[in-house]
Amino acid sequence: MRYDKNYQGLESARASGLLVEFGRNRLREKKGKNPVQLFLEQFSSILIIILMAAAAVSFFLGEVIDAAAITSIVILNAMLGFVQEYRAEKSLDALKKIISPAAKVVRDGKETVVSAFEIVPGDLVVLEAGDKVPADGLILESFSLRADESSLTGESFPVEKSVDADVGGSVPVAERTNRVFMGTSITYGRAKFVVEKTGMNTEIGKIADLIQDDRTVKTPLQERLDVFGRHMAKVIFAIIAVIFALGVYGGNDEFEMFLASVSLAVAAIPEGLPAVVTTSLALGVFRMSKQNAIVRKLPAVETLGAVTVIVSDKTGTLTENEMTIRKVYTPSRTYEVSGSGYGAEGKFFTEGKEVAIDKGLELLLKAGALCNNAALSTTGTEQNRVGDPTEISMLVAGAKAGLYRENLDKEYERKFEVVFDSERKRMSVVTSTPEGGQAVFTKGAVDVVLELCGKELKGGKEVKFSGKRKSEIIRINESMASEALRIIAVAYKKYDAAGYNEKDIESGLVFLGLVGMIDPPRPEAKGSIETCKKAGIRAVMITGDHKITAVAIAKELDFPEGRAITGAELDALSDEEFEKIAGSVYVYARMSPQHKTRIVRALQKSGEVVAMTGDGVNDAPALRMADIGVAMGITGTDVSKEASTMVLTDDNFATIVSAVREGRGIYDNIRKFIFYLLSCNTGEVLTVFFSILLGSTIMQGLPLPLAAVQILWMNLLTDGLPALALGVQPAERDIMERKPRDRKEEIINRKTILDIIFVGVAMSAGTLYMFLSYLPDTHKAQTIAFTTIVFFQLFHALNSQSDKSLLKAGAANRYLAVAIILSVALQLAVIYLPVLDPIFETVPLSAGEMAETVLVSFLIIPAVEIKKFISNRTKKHV
């Protein structure tokens, strides 16, 4: 059906029928997981499955305490993960503001307000400045309409809309100037449009559909822990086989050796690992929430630590999303304007020196504030602004010179307005003047305004405007435009005509100057980009803006050198051609949502771990596809938030750097406590293994140095407080000066395995030495061995804080100090409290015996320090 400006909208009855046919005007949300599903997902990792199997075996063997302890740890781990992810999902519910809750439509020939959800195709919708567009549709009537489509296209400037434009659906959304789109906002003018598409059929709906089709990929941590779990399973089966074979070979009962080998294998499992990993991630999430980041998926915290590329939308993420006047040219001089965004703090400079404003600049700023339909006010600490960003920037520039709109309106009362439209490309107002006369103030496109000018204001005087002079100003305009500034020309004249004829008003104007504005970079973004460089992370900008603007912003932010390409240039490349150059491109301009997903896919194929930051609907598919998607909480749409793994509540790009630092620190800590746990468990296993080996060969009848209950106690003690404390170890000073780790890097690599064996052998050697020294008193020898290996493990917790020497490890971990003190206290209680002696099969030790265990176990610190010195020295010479 064809519509024209005489269309009068729908009848209510017809609208009701269409609502049944097309459904409510809302985006279909992806069905979330219920709490039960979310809880059961916590048991899906291989390591958790191994622990559950270990608990079952322990129970079958009659080790009820072991089974109960392991089961408790598994359930605690699941509860921690569930609570954090459930809270994150709930916290996002409060951020849902996708479309306006109400809209003004014409039904039954009358304007009426209805719920935006009840709008149907064929409805005639009335729009005014400040409205959010409730559906996609064709403009039938327009009066100087401009729409902010940055959330959909990434274009930072409002788009001029026109009834006369004949643009079909085959052109990009950013160029369909005869249509408006759901989720965008009206910044200027008014219009009526007929609804063509609602809900999931809108442009925003198509993007939402793309998001819901994308699969979720495993994070690097999940992949590494799965691999670690498979390796652990192999090691456990190997322990069972070797211990069983040795025992039977030494003449022991087969069934007894089977029970012993299985029990030892269960003891070898780091029961606390999943809980410590989950707790570390949860604590990281808590810390990040204090730094304005909501993490929706626990492993996403660590994933940030592996990021190699950050793909960021420009508008509102790297920039303020607040147009700011940077440069003003007048016929007398050129001014640089300080300040950023919509704050009134700023000064005027010429050649680097602060200057007072002259008559020409004062009149230009007055003209910009008076020929203006925006509003800017402050209530307490909250700034209220309505209107076009270009006009708001004019008000702000005037305020920097002490020229406030509310004061000017009292002296210059508006009498008449010639409205802006896309054909005229200018706006003019007639006002009274303090002297009792009238004046015209005009602003608009440079070439248009220059043609209307016969004079210019130079040195406070109106002088004739020659053709040569106009050509010179055109060159100045081009020079300013090359700095990615958007240029507006400003003019005025005294007006003494009786009527208000448009031709009379806008002829014989006096040129006042040019105003150059830009959406400036966030002040903290430049430092964040620099930090990314040091950290080996490549920053990439994607925007719907023009190439020249994007490149200028990138240079101002000190982006790394590279290529800049447009959406059209990208379309001309095959996937293979693009994948070859993707690593060298740092700016993508005039992009669509489909381009963004293609970019992320190409980077991932190159082996990059990609983080996508953004706030618009246009970012959502790439946010979903990226290894980690980071959405903006203030300006971000619901679609982008639903697609993300993390939401920034302050919309601050610098928060990403904090998150990367947090992620790297968490991964470092995971490796530290895995090294610690496996070193300790290896020491226990080797102690028992070597004693069985000795008892089967040269020392027949040698008792085990550790009782089963003592092994369980050690696992609970060392897998507990010290491991948890290592999980919150402060990040090392140089953590953001390292290259990102390889996504395929094993949590336990060859070097770590050798370090674990070294520590395990040292612990078992010292423990067996002490054990053998106190035989034949078995109870005393077992208590000595038990205490020695516990202290070995507690001293080793200090070693595990860093790969560097303890003297260079950086910030002290007060939580570890408290954990060690508490663990020592618990160990002493097990030895010296009479009620616990029979349970743990211990006897009290004398002061001399206790001092000997401390001295021997302390030797693990200098031993590991020497090992670190040799390893680090070797690394430097490689």
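Among Y335, Y769, what's the order by accessible area (1.4 angstrom probe), most exposed first?
Largest to smallest exposure gives the sequence Y769, Y335.
Which cross-chain or sequence-distant (5 or more) residues have an amide H under 5 Å from the amide H of I542, H modelled 1.01 Å from N in plane?
Amide H neighbours of I542: S312, D313, K314, Y588.
Return the sequence-ordered ³J(HN,Hα) values of region 103-108 in whole Hz as given by the Karplus equation 6.51 cos²θ - 1.76 cosθ + 1.60 applied to θ = phi - 60°, using x for Gly and Pro.
The phi angles translate into 8, 9, 10, 9, 10, 6 Hz.
Sorted by accessible area (1.4 Å probe), largest first, how do D148, D651, D571 line up?
D571, D148, D651
Taking Cα pairs under 8 Å and at least six residues apart, what relative contact order does the chain come out at, in percent?
12
Would you compute, from DSSP H runs of 4+ residues alone, the mean residue ellipticity of the chain at 222 nm, taking -39500 (n - 2.57) per run and dividing by the full residue count, rounded to the nearest 500? Kindly include the intermediate steps, with their values, before the conclusion.
Numbers: 32 runs with 420 residues, N = 878.
Using -39500 (n - 2.57) per qualifying helix, the result is -15000 deg cm²/dmol.
Any idea how far apart E175 and A241 come out in nm if each label point goes 7 Å out from Cα toward Cβ?
6.6
State the Cα centre-to-centre distance between region 482-507 and region 404-447 in whole Å.
Computed from Cα coordinates, the inter-centre distance equals 8 Å.
Using 0.36 nm per residue of separation minus the Cα-Cα distance, give me the extension gain between K415 and E502 in nm, one decimal.
30.0 nm
Could you tell me what percent of the accessible area of region 719-878 is made up of carbon and sulfur, with a 1.4 Å probe and every protein chain present?
69
Tell me, in nm to one decimal, what length is gained between S289 and F758 on full extension, where the rule is 0.36 nm per residue of separation less the Cα-Cα distance?
Taking 0.36 nm per residue and subtracting the Cα distance, the gain is 164.9 nm.
What distance in nm separates the two pseudo spin-label positions at L806 and T350, each 7 Å out from Cα along the beta-carbon direction?
6.8
Per the 1.4 Å probe, what fraction of the accessible area of region 279-326, in percent, lies on carbon and sulfur atoms?
It is 57 percent, rounded to a whole number.
Students often check this: by mean Cβ neighbours within 10 Å, which of 721-732, 673-684, 452-463 ranks highest, and how do the rest follow?
673-684, 721-732, 452-463
With a probe of 1.4 Å, find how much accessible area region 567-704 has per residue, and write the answer as a whole number in Å².
About 29 Å² of surface per residue is accessible.
Using 21 Å as the Cα-Cα cut-off, could you pick out the over-long pairs in K596/K641; K672/K808; K290/K804; K314/K744?
From the list (K596/K641; K672/K808; K290/K804; K314/K744), the Cα-Cα distance tops 21 Å for K290/K804; K314/K744.
With everything on Cα atoms, drop me the angle between helix 467-481 and the longest principal axis of the chain, reported from 0 to 90° to the nearest 10.
With both axes taken from Cα atoms, the answer is about 20 degrees.
For a quick check: with amide H placed at 1.01 Å from N, whose amide H comes under 5 Å from R107's, ignoring anything fewer than 5 positions away on the same chain?
T112
Using only Cα atoms, tell me the angle between helix 593-605 and the longest principal axis of the chain; keep it within 0 to 90° and round to the nearest 10.
Taking the Cα atoms of the chain, the angle to 593-605 is about 30 degrees.
At a 1.4 Å probe radius, which order do M79, M200 fall into by accessible area, largest first?
Numbers: M79 100, M200 40 Å².
If we order M79, M200 from most to least accessible, we get M79, M200.
Candidates [x] 100, 88, 47; [y] 82, 68, 62; [z] 121, 68, 53; which is the computed Cα extents along the principal axes in Å?
[z]
Calculate the spin-label point distance for K234 paired with N749, positioning each point 7 Å from the Cα along the beta-carbon direction, and give it in nanometres.
It is 1.8 nm.
Once both axes come from the Cα atoms, what is the angle between helix 708-718 and the longest principal axis of the chain, in degrees from 0 to 90, rounded to 10?
30
If you take the beta carbon distance between E423 and I474 as r and set R0 to 25 Å, what does 1/(1 + (r/R0)^6) give as a FRET efficiency, to the nearest 0.05? Don't skip to the end; give the middle numbers.
Values: r = 21 Å, r/R0 = 0.84.
Efficiency, rounded to the nearest 0.05: 0.75.
By what distance, in whole Å, do the Cα atoms of region 719-836 stretch along each of the three principal axes, largest value first?
Largest first, region 719-836 extends 55, 29, 25 Å along its Cα principal axes.
Using 0.36 nm times the number of residues separating N6 and A817, minus their current alpha carbon distance, what extension gain do you get?
284.0 nm
Along region 306-314, what does the Karplus equation 6.51 cos²θ - 1.76 cosθ + 1.60 (θ = phi - 60°) give for ³J(HN,Hα), rounded to whole Hz, x for Gly and Pro?
Whole-Hz 3J(HN,Hα) from phi for region 306-314: 9, 4, 10, 9, 10, 9, 10, 5, 6.
Can you give me the solvent accessible area of H546 with a 1.4 Å probe, rounded to the nearest 10 Å²?
Counting only protein heavy atoms, the figure is 100 Å².
Please give the per residue accessible area of region 455-538, computed with a probe of 1.4 Å over protein heavy atoms only, in Å².
47
The values are calculated or read from the model by the stated rules, or taken from the named source; none is laboratory data. Quick caveat, the model's predicted, so the values are computed rather than measured. Note: ideal-geometry Cβ built from the backbone for every residue, glycine included; neighbour counts use all protein chains shown. Each accessible area value is taken on the protein alone, full model and side chains, heavy atoms only, with ligands, DNA and RNA left out. Shrake-Rupley method; radii C 1.70, N 1.55, O 1.52, S 1.80 Å.
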